[in-house]
Structure formats: C-alpha cells, structure tokens
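Student: Before I ask anything, here is the structure I am working with.
The values are calculated or read from the model by the stated rules, or taken from the named source; none is laboratory data. All values derive from a computational prediction rather than experimental measurement. Positions of Cβ are generated from backbone atoms using ideal geometry, with glycine treated the same way; all protein chains shown enter the neighbour counts.
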Amino acid sequence: MGSALGKKQAMPDRVRGAGVFFYDQARRRVLFYRRDNKPTIPFPDQVDILGGHIEEGETAEQAVVREIAEELDDLRSGAAYALAGHRLFMVYTDPQGAVDYLFSKAADFDLADVRLKEGQALLWLTEEEAERTPFAFGYNRLVAEFFGALRDGRV
C-alpha cells in the first residue's frame, strides 16, 4: 500500500493524512522523498512529504508512526524506523476539506542510515531548493511555512 502523505483514501467523514518534516537545523534543510514514477498514482515523480493517510480508528499520532515505519528502514537497527520525539507542527485543511496533521522532528540519522521502502529516493532540500521544487498535492505553501518556522527557530 502506498503511503505518501497526499495519497489519501475516503474516510466516513473527511479525508485525513499525517506526515513528518524531518529537519537538520544546522544545515537548514528538510527531508522529502521523490514519489514513484507510475502513471497510475497521483503526482508521479514529484517531491512529497513523508507520511500517509490516517486509517479509520487511528489517531494522527498513531498514523504518522505507522506510516514512517512503513516507509523507512533503520539500517542501524535492522528494523523499521521507529518515529519518536516528534511534535505537531500544524493541522492543515485544504479547500476540499481534507485534513493533514504535520509533525516535525530533528533528524537523528544520515541518509546512509535509512532506506526508503516506497518511492524513488530521499532528498534533503534547503529552503532555496524547495522554493524551486514543485511539490505533490500543492504542498509548496506548507513547505514554505515549515522553512519559515525552521529559520525563525520555532521548531
């Protein structure tokens, strides 16, 4: 099952997703991933936020932990990446009423320490690089807000 933040499924009330901005404060960069290049998925080959949909009966907190475990292997432990120490950054409702819970966490790994299980590649982007990158699902404004918070020391 795909687990991109924007890859949402219909819920009884509203479509909801949960994702995480892993960041490197010292280098002022944020981790994203490039989606698979399959014409059958939304926004193929575009850059996206790590995360996915919230399943029925799950909280946003439970979903983001599950989704990151599904998307990243921690090569240091030989197990799925265990997300911990993250905090809620924002709750965003798009014009169609879909709600995304976006968390933040200082990255406690190097790219050599993790393996992406879904998508093409992990990408560290600086604010300047992100400004020039078209993000899947129109997430450019959310990414810009996160970089502003990173720049201002609010995360």
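Student: Find all pairs meeting these conditions: Cβ atoms under 8 angstrom apart; at least six residues apart or on different chains; first residue within the stretch 56-79 and within 24 Å of LEU123 (Cα to Cα); second residue in a helix (DSSP H, G or I).
Tutor: Qualifying pairs under 8 Å: ASP74/ASP113; LEU75/ALA112; LEU75/ASP113; ARG76/ASP113.
Student: Can you tell me which residues in the stretch 84-105 are surrounded by 13 or more Cβ atoms within 10 Å (Cβ to Cβ) and part of a strand (DSSP E or B)?
Tutor: Those that are surrounded by 13 or more Cβ atoms within 10 Å (Cβ to Cβ) and part of a strand (DSSP E or B): LEU88, PHE89, MET90, TYR92, VAL99, ASP100, TYR101, LEU102, PHE103, SER104, LYS105.
Student: Answer yes or no: is there a residue in the stretch 55-67 that is closer than 24 Å to GLN25 by Cα and among the acidic types (Asp, Glu).
Tutor: Yes, the conditions are met somewhere in the stretch 55-67.
Student: With the structure loaded, tell me whether LEU72 is buried (at least 16 other Cβ atoms within 10 Å of the Cβ) and either among the hydrophobic types (A, V, I, L, M, F, W, C) or modelled with pLDDT of 95 or more (or both) or whether it fails that test. If you could, list the steps in order and put the result at the bottom.
Tutor: On the way: buried (at least 16 other Cβ atoms within 10 Å of the Cβ): yes; either among the hydrophobic types (A, V, I, L, M, F, W, C) or modelled with pLDDT of 95 or more (or both): yes.
Answer is yes for this residue.
Student: What pairs can you find where one residue is in the stretch 106-126 and within 10 Å of LEU75 (Cβ to Cβ), the other is part of a loop (DSSP other than H, G, I, E, B), and their Cβ atoms are less than 8 Å apart, with a gap of 6+ or different chains?
Tutor: PHE109/ARG76; PHE109/TYR81; ALA112/LEU75; ASP113/LEU75; ASP113/ARG76; VAL114/LEU75; VAL114/TYR81; ARG115/LEU75
Student: Further, regarding this structure: PHE137 - would you say it is assigned to a helix (DSSP H, G or I), in contact (Cβ under 8 Å) with a residue 24 or more places away in the chain and on the phi > 0 side of the Ramachandran plot? Can you show your working first?
Tutor: Details: assigned to a helix (DSSP H, G or I): yes; in contact (Cβ under 8 Å) with a residue 24 or more places away in the chain: yes; on the phi > 0 side of the Ramachandran plot: yes.
Yes; evaluated as a whole, the condition is true for this residue.
Student: Okay, moving on. Need the failing condition index for LEU122 against (1) surrounded by 18 or more Cβ atoms within 10 Å (Cβ to Cβ); (2) within 14 Å of the chain's Cα centre (by Cα), just the number.
Tutor: Here LEU122 clears every test but (1).
Student: I'd like the full set of residues that are under 22 Å from PHE146 (Cα atoms) and assigned to a loop (DSSP other than H, G, I, E, B), limited to the stretch 60-83.
Tutor: Matches in the stretch 60-83: LEU83 only.
Student: Do you know which residues across the stretch 3-24 are at pLDDT below 95, within 21 Å of GLY85 (Cβ to Cβ) and either surrounded by fewer than 24 Cβ atoms within 10 Å (Cβ to Cβ) or in contact with a helix residue (DSSP H, G or I) (Cβ under 7 Å, 6 or more places away or on another chain) (or both)?
Tutor: Correct list: SER3 only.
Student: Hey, can you tell me all the residues within the stretch 125-143 that are within 19 Å of MET90 (Cα to Cα) and surrounded by 15 or more Cβ atoms within 10 Å (Cβ to Cβ)?
Tutor: GLU127, ALA130, PHE135, ALA136, PHE137, TYR139, ASN140, LEU142, VAL143, listed by residue number.
Student: Could you check ALA130 against (1) under 20 Å from GLY153 (Cα atoms); (2) touching a helix residue (DSSP H, G or I) at 6+ places or on another chain (Cβ under 6 Å); (3) among the small types (Gly, Ala, Ser); (4) not in a helix (DSSP H, G or I) and say which number it fails?
Tutor: Unmet for ALA130, out of (1) under 20 Å from GLY153 (Cα atoms); (2) touching a helix residue (DSSP H, G or I) at 6+ places or on another chain (Cβ under 6 Å); (3) among the small types (Gly, Ala, Ser); (4) not in a helix (DSSP H, G or I): (4).
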